[in-house]
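To start, the structure itself, in structure tokens.
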Amino acid sequence: TPDRDYHYLEVNRFLRRVHPVIVADTEAQISEIGGLVVRDPATDLLRVNQEFSVSVVVVRCHTTEAGGHRWKVRFDASLRPDITVAVRLDHSNQTALDYYLLPQLDFGQPRISLAEHNGIEFESYRFDSMEFLYGMAERTRVRRAA
């Protein structure tokens with residue numbers, strides 16, 4: 001239908017606008033806490049503290065015919081990031097609902113599908129904010145023993 005097509009186009013425009021903002025904010029937050037982050041301008045892949053790489057994907061909500069909600073996370077297999085941060089959007093696709101920090105070691109497949117409520121194999125990677133990622137990037141001074 002024309003209304004559905006228009007909505008789909010608007011959501012895609014929104015995603016193209018919001019993705020660079022989320023990547024830049026993530027980069028700034030990591031830098032602010034003392035982490036070293038380098039962003040590849042061609043791919044937006046973040047290299048954190050020369051230790052691990054992060055890909056940020058914004059995942060839109062799809063409403064099923066039965067009225068349920070699904071999120072299809074597509075991993076960028078060509079970049080092979082150590083961690084994919086899936087920013088799951090709310091039902092209106094306007095704001096972040098939550099964040100899944102998905103390590104490549106545990107999620108080697110090209111895509112996964114998330115529902116409203118998921119099994120422990122997914123929920124153990126779900127966070128209400130990106131604070132856990134920032135904590136992974138934070139640098140701590142090590143004191144020398146006297």
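The values are calculated or read from the model by the stated rules, or taken from the named source; none is laboratory data. Remember, it's a predicted structure, so these values are computed and weren't measured experimentally. Backbone-built Cβ (ideal geometry, glycine too); neighbour counts: all protein chains shown. All accessible areas refer to the heavy atoms of the entire protein, side chains included, with ligands and DNA or RNA removed. Shrake-Rupley method; radii C 1.70, N 1.55, O 1.52, S 1.80 Å.
Excluding Gln104 itself, calculate the net charge of residues whose Cβ lies under 12 Å from the Cβ of Gln104, where each Lys or Arg counts +1 and each Asp or Glu counts -1. It would help to have the intermediate numbers written out before the result.
Values: positive: Arg80; negative: Asp76, Asp82, Asp106.
Once all neighbours under 12 Å are counted, the net charge is -2.
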- request: Tabulate in residue order the Karplus-calculated ³J(HN,Hα) for segment 75-82, using 6.51 cos²θ - 1.76 cosθ + 1.60 with θ = phi - 60°, rounded to whole Hz; enter x for Gly and Pro.
  value: 8, 8, 5, 5, 7, 6, x, 5
message: Could you identify which residue out of Asn49, Asn118, Asn93 has the top mean-square fluctuation in a GNM of the chain using Cα springs shorter than 10 Å?
response: Asn118
field: Where segment 14-90 is the region considered: accessible area per residue in Å², 1.4 Å probe
entry: 52
- request: Restricting things to alpha carbons, find the Rg to Rh ratio for segment 24-141 using the Kirkwood radius for Rh.
  value: 0.98
query: Is segment 19-80 best put as rounded, prolate or oblate by its Cα gyration tensor, with a ≥ b ≥ c the root eigenvalues, rounded for a/c under 1.5, and otherwise prolate when a/b is larger than b/c, oblate when not?
result: prolate
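Where the convex hull is taken over the Cα atoms of segment 73-142, what is its projected area averaged over directions, in nm²?
Working: hull surface 23.9 nm².
Spelled out: convex hull of the Cα atoms, projected over all directions, averaged, 6.0 nm².
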- request: Express the relative contact order of segment 26-119 as a whole percentage, based on alpha carbon pairs under 8 Å and six or more residues apart in sequence.
  value: 23
- line: Counting only protein heavy atoms with a 1.4 Å probe and every protein chain in place, the carbon and sulfur fraction of the accessible surface of the chain in whole percent equals 51
message: Could you work out [θ]222 nm for the chain from helices alone, using -39500 (n - 2.57) per DSSP H run of at least four and dividing by all its residues? Round to the nearest 500 deg cm²/dmol.
response: -9500 deg cm²/dmol
- prompt: Heavy-atom accessible area of Thr63 with all protein chains present, probe 1.4 Å, nearest 10 Å²?
  reply: 80
